[in-house]
Amino acid sequence: MKNKLSQETAAAVLTLEDLAQCADYSLMASLNCDPEAKENGVDHAPRQVLSGHYVPVNPTPIDGPEYVAHSQNFFRELGLADSLATSADFMRVFSGDLSQVPEPMHKVGWATGYALSIFGTEYTQQCPFQTGNGYGDGRAVSVLEAVINDRRWEMQLKGGGRTPYCRGADGRAVLRSSVREFLAQEHMQALGVPTSRSLSLYVSKTETVQRPWYSEGSRSVDPDRMVSEPVAISTRVAPSFLRVGQIELFGRRARKNEHANAMVELEKIVLHLIDREYAHAIDNTLNISEKVVLLAREFCSRLTSLVANWIRVGYCQGNFNSDNCAAGGFTLDFGPFGFCELFDPYYQPWTGGGTHFAFFNQPVAAERNFEMFCTALMPLLQSNPDAMPGALDELDEIRSGFASVMQNEMQKMFAAKLGLTSLDGALYSELTKLMMQTSVDYTIFFRELSSIPDDMGSLKKSFYSDLNEELEQRWSDWLTKWKSLVSNTTGTLADISEQMKRVNPKYSLREWLLAPAYQQAAMGNYDLISELQEVMTQPYAEQSKEVEEKYYKLKPAEFTELGGLSHMSCSS
């Protein structure tokens, strides 16, 4: 209790009125509103949005909101009092009702459009108008942009109701997917992986929607029944929600000269991206072509680092289209994601994702998204008479060099996981073969290896199958060679072990741990969400014996190939 009181006393934001004083809507102040939009935000039917960067939209409040969870760590970082999360004013706003917000907050939110490309191929046919002008934030409504502690944050409701981009859907998120995203963002932040953040999670006590999902015990690839699920709204927070697909939309329009302001709108959104996400790295006095080249270089660095970190912690995005790729270089849109358990380079939690978005193919998927990003930037260099000499060539060089930068990041990452200063190719190759042939748990193996064991004993905790004589000998030989390399690196074995434990987490947000949390939450019991939040925000720590026995173990055999646990076809 004493700690809680001290945190409350230190908080600078005690009320919604305090938070409102931080409001600063840079996106709406500097970018173009859709000229066909309604100022009052009553704009919830699917329609084409042909120009402009955003559409004013009123979120649709959920009925009878009830508190489920908030991020104590993020509240503390923002200087928000924990009591704010359960206050009537705060709950009303972040469950979708802006009608009574204090000034200078706006009573209308906004949604944005973007283009769709899948693994480097442009798509338009999936939008209801078959033009591509219907893609965008179909159920995500931003409600506040604020500067807090000298940092700019955008707060966005996931499941905030229909927008012009809803394509006929209901604009809602269900409690199941909201719990998954809330906890995943908390976990990724604690893992040290750049990510959007969780703020709060509220559920409706009365409102439900129908969704396809799996029967208990189903091993079907696709959901085999419709279920009624509680509606929820989670608030996710990031410096911006600008996506590669968003820049791509305006790049396509400029390239095709789709309207008179197309090139101007592309330049505006690129400069806004730089201001929101790269201001510290790109000098504002440079001309547009110099800024574009630096932007590409900086994004390349961030994106390659991000994907290497995903693989470091066993994360698979599942659906890494350009619209699910944050232009700021962080993890965005936790839909059909998963954390790899049984090691498989082609692990893919989403049944619709294909191998192109599989675990070890994420570097190539990132490269495709980066290519689309660079393509979107090109019109700014092609049309600018004052462009610096060789700017297009430099942009192309950055684009073509992505794979090399990505490879270097991957090698550095796996070297760190193995406690080495540089990666030994033969050692790594033999390890991946052994891990596949032995059915090894990805997280548990690297965590046990981090203790630098004398023999195979502790490593076998990570094995889903027994070793035959040949595999036993190969593992023993590998371990001997690895220990020899580790012993020749700088530092004591104790120091190297501690370094390895800082990059190899002990706890991973496994789907079979998540499912009971959202199942109990649907019955009004949020205790397991709180417990998972506590455990998964300390993923590298040696926690209690009770926690270790419950959360640090192999996936139970009965969960193998279960729909909704080992794979899923949707995440709504």
Per residue convex hull volume, Cα atoms of the stretch 390-537, in Å³: 184
Principal axis dimensions, the stretch 116-159 - Cα atoms, whole angstrom, descending: 43, 22, 15
Those GluC sites (Glu not before Pro) in the stretch 491-572 that DSSP places in a loop and that have at most 12 other beta carbons within 10 Å: GLU542, GLU561
Placed amide H near LYS205: partners under 5 Å, 5+ positions off or other chain: GLU66
Within the chain, helix-based [θ] at 222 nm, where runs of 4 or more DSSP H residues each add -39,500 (n - 2.57), nearest 500: -12500 deg cm²/dmol
Per-selection Rg to Rh, the chain - Cα, Kirkwood hydrodynamic radius: 0.97
Order of THR206, THR375 under a 10 Å beta carbon neighbour criterion, fewest first: THR206, THR375
Descending semi-axes in Å of the stretch 511-559, equivalent ellipsoid built from Cα gyration tensor: 19, 15, 8
Test item: Cα-centred dipole of the stretch 422-488, Lys/Arg +1 and Asp/Glu -1 on Cβ, debye: 240
Using θ = phi - 60° and Karplus 6.51 cos²θ - 1.76 cosθ + 1.60, couplings along the stretch 405-414 (whole Hz; Gly, Pro as x): 5, 4, 4, 5, 5, 5, 5, 4, 5, 5
Sparse-neighbourhood loop sites, GluC sites (Glu not before Pro) in the stretch 16-89 - DSSP loop, at most 16 other Cβ within 10 angstrom: GLU36, GLU39
Computed over the chain: relative contact order in percent, which uses C-alpha pairs under 8 Å that are six or more apart: 14
Evaluated over the stretch 422-488, the Cα radius of gyration and Dmax, each in Å: 11.2, 32
For the stretch 257-338, size of Cβ-based charge dipole, Lys and Arg +1, Asp and Glu -1, in debye: 340
DSSP-assigned coil residues among trypsin sites (Lys or Arg not before Pro) in the stretch 15-121, each with at most 15 further Cβ atoms within 10 Å: LYS38, LYS107
Per-residue Cβ neighbour rank within 10 angstrom, fewest leading, ILE247, ILE444: ILE444, ILE247
Cα long-axis angle, helix 493-503 against the chain (0 to 90 degrees, to the nearest 10): 30
Phi to ³J(HN,Hα) by Karplus 6.51 cos²θ - 1.76 cosθ + 1.60 over the stretch 326-339, Hz, x for Gly, Pro: 5, 6, x, x, 10, 6, 9, 6, 7, x, x, 7, x, 9
Nearest 10 degrees, 0 to 90: helix 391-400 Cα axis against the chain principal axis: 40
Cα lying deepest toward the dipole's positive end in the stretch 2-241, options SER30, GLY161, SER218, charges on Cβ: SER218
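Every read-out reported here was derived from the displayed coordinates using simple, explicitly stated rules and does not represent laboratory data. From a predicted model like this one, the values you see are computed outputs, not experimental measurements. Heads up, the Cβs are rebuilt from the backbone with ideal geometry, glycines too, and the neighbour counts pull from every protein chain shown.
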